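These notes concern the structure reproduced below.
The values are calculated or read from the model by the stated rules, or taken from the named source; none is laboratory data. All figures in this text were calculated on a predicted structure; none of them were measured in a lab. Glycine gets a Cβ as well: all are built from the backbone with ideal geometry, and neighbour counts include every protein chain shown.
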Amino acid sequence: MSPYRRFLSDTRGASIVLFALAIGVIALIVAIVANLGLVYLDKRKFQGAADIAAIQLAQAEHPNMSALRLHLEEQGLNLQDANLILQRGRYHYDADIAPEARFTEDSSDWNAVRVDVRFPIEERVMASALRNDNFLSVHAVAAQRQTAAIYLGSRLLRLEGGLSGALLNALLGYEGRISVMDYNQLVDIDIDLLTMIEALETSLDVDGLSYNDVLSTEITLGQLVAALDVSGDPDQRVVGLRLPNAFARRTLRLADVIRLGRAGNQTIETGRPEGSFGASAGELLFAAAALANGDRQIELDLAVADGLVGLELDIGDPEKFMQWNYSSNSRTTAQTAQTDLGITLLDGSEFLNTEVSLQLAQASARMEDVVCDAARNVQAVHVEVETSPAELVLRTPILRTLRVDLSSGSTAMLEFTPEQITNGETQTVNSGLGVNLNGVPLLYRPLTAFVSELLEELGLFVGEADVRVTDASCTRAYLVD
């Protein structure tokens, strides 16, 4: 047998050879897996650093490449062979736009920054045997967290003269008779909503509640009045109201008129959320009294004009206080519900033996935009306000039912300056009165004059909505991509 054949037929020591080959393959696989794991960790590290840098730069007045490199190096990154890209631009908060298309570069009017980091893959295990010239990249987009707090109240009921005190007296059962001066003082008293909520939480004697939890908890009108009394300036008390027991025990939930948004999710014991949360004591007390009267309605019978036999006034959702957070997938809207006014007239004539039903639809306000300058200061807040059309129905013995559409609904964009926000100024949108009789437009001046005169006498102004921005901020930033 030739030496060659003898070698092939000799199987002694084969297992050692196979074992050596297997060890080599296993070592190679372990090296590859280890490197893949380390690459994954590297990418996570770069991604986290890019996220932090994007947030910090979005809050900076003048973000630049030097600041980006400094932020990344502070996170312990080796940027020797890395490529960095920094873009300033606009992030569009619109759920209808694809996420990758929401950021557009704009260095002049920007509200967000995008950070791109491209770095080489580093092989740490068997680096000489596993050469890799590929790169990995990460990116992060951070936008400014624009926040605002607004107040919306339908001006369907503007209380003037002695009627303001009469209505509030009726709602509260207050026997001390609230005068016009007392009512105006109530409206002028500014309270801190967070202080009021904290006082309510103390009176509820329950721990661990968030601000929103307190708002959603059923309280009594008496508890609210007591909380209001400690929530404002010590020199301005809520006129020392002492309600009769029957009225003080009426219950309500403040969540129906106050919305703090995400800020309200914070637990009271952990500290206060950022921002200013102010309101008028008179406005809040009137809204709460309306809620406590049942089904979010005010129902009053008044006789205030000659020839006016009966008047029934129903007011729907009271004023709304809303905390707004500008996020990438939502827009927040505050709404007030309908107001119904029923009038029965008798004046000896057939025509004036009339039933009049006036329905005033919703008013809504939507936070549209917060405009910031390069220093992240608020320059303007835009609020879109809509007042829906109203409808007047007349039923007389001699005529068929007349349906008069007060088609004066309007949409307006209100702009609030920093001075107006600081001073708590209120802007009013007024839709006015127009007439469409059974679907046909016309100018029926005697009717509109009569209704307008009656509404003015009652302190009712049709189609108005009041909006006030109580707080706005541009300085906070958060990741959006």
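A few notes on this one:
- Some residue of segment 52-65 being without any contact (Cβ under 8 Å) to a residue 12 or more places away in the chain, exposed (fewer than 12 other Cβ atoms within 10 Å of the Cβ) and over 16 Å from Ala143 (Cα atoms): no
- Residue within segment 73-86 that is in a loop (DSSP other than H, G, I, E, B), modelled with pLDDT under 80 and surrounded by fewer than 20 Cβ atoms within 10 Å (Cβ to Cβ) present: no
- Of all residues in segment 210-233 being crowded, with 19+ Cβ neighbours inside 10 Å and not in a helix (DSSP H, G or I), the one that is nearest to the chain's Cα centre (by Cα): Ser210
- The criterion of being under 20 Å from Glu269 (Cα atoms), among the aliphatic types (A, V, I, L, M), surrounded by fewer than 19 Cβ atoms within 10 Å (Cβ to Cβ) and modelled with pLDDT under 85 does not hold for Val125.
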